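Chemist: Sharing a structure, written as structure tokens. Questions coming.
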Amino acid sequence: MQKIKNFFEKVGVFSVVLAREYYPPVEFTQPEELVERINKIVRWIVTLLVVFSAIYIVMAGFNYVTSGGDEDKIGKAKTQLLYGLVGVGIAVLAWALPRVIYYIVY
């Protein structure tokens, strides 16, 4: 599990470097430019959340299948599955919340 955690930390650092490369700091002249930039960042983060949640759900399924009937391992796998689904839910909310706010404000 520690190896997986280290892998995700490295991917996170690499992602931040890529984000800085693809989205360099700029001056905004119109409010729409700022909104568009925020939308791009949110889409990027949501994509990462969905990918990480899907990987976590697959890991939970693997742990469930390989539990061998051990109740502790089955419980742990179910908890992992729940956390993966919560991650997907957070990703959906992160995608939907700015749109809801946008439609309320404008």
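No value in this document is a laboratory result; all are computed from the given coordinates. This is a predicted model, so every value here is computed, not measured. In this analysis, Cβ positions are derived from the backbone assuming ideal geometry, glycine residues included, and neighbour counts consider all displayed protein chains.
Chemist: Identify the residues of segment 54-73 with backbone N under 20 Å of a label point that sits 7 angstrom from the Cα of VAL88 along the Cα-to-Cβ direction, or state none.
Modeler: Backbone N within reach: 54-66.
Chemist: If you don't mind, there's one more thing I want to ask. Using θ = phi - 60° and the Karplus curve 6.51 cos²θ - 1.76 cosθ + 1.60, what whole-Hz ³J(HN,Hα) does each residue of segment 92-97 get, with Gly and Pro shown as x?
Modeler: Per-residue couplings from phi come out as 5, 5, 5, 7, 7, 4 Hz.
Chemist: Additional query: Counting Lys +1, Arg +1, Asp -1, Glu -1, what net charge surrounds ASN39 among other residues with beta carbon under 13 Å of its beta carbon? Mind showing how you got there, number by number?
Modeler: Values: positive: ARG37, LYS40, ARG43, ARG99; negative: GLU32, GLU33, GLU36.
Summing Lys/Arg as +1 and Asp/Glu as -1 gives +1.
Chemist: If a/c stays under 1.5 just call it rounded; otherwise compare a/b with b/c (prolate if a/b is bigger, oblate if not). Do that for segment 30-87, with a ≥ b ≥ c from the square roots of the Cα gyration tensor eigenvalues.
Modeler: Values: a/c = 9.35, a/b = 4.50, b/c = 2.08.
Prolate shape, in that a/c is at least 1.5 and a/b is the bigger ratio.
Chemist: Does a label point 7 Å from the Cα of ILE101, set along Cα-to-beta-carbon, have any residues of segment 46-75 with amide nitrogen under 16 Å, and which are they?
Modeler: Hits in segment 46-75 for ILE101 at 16 Å: 46.
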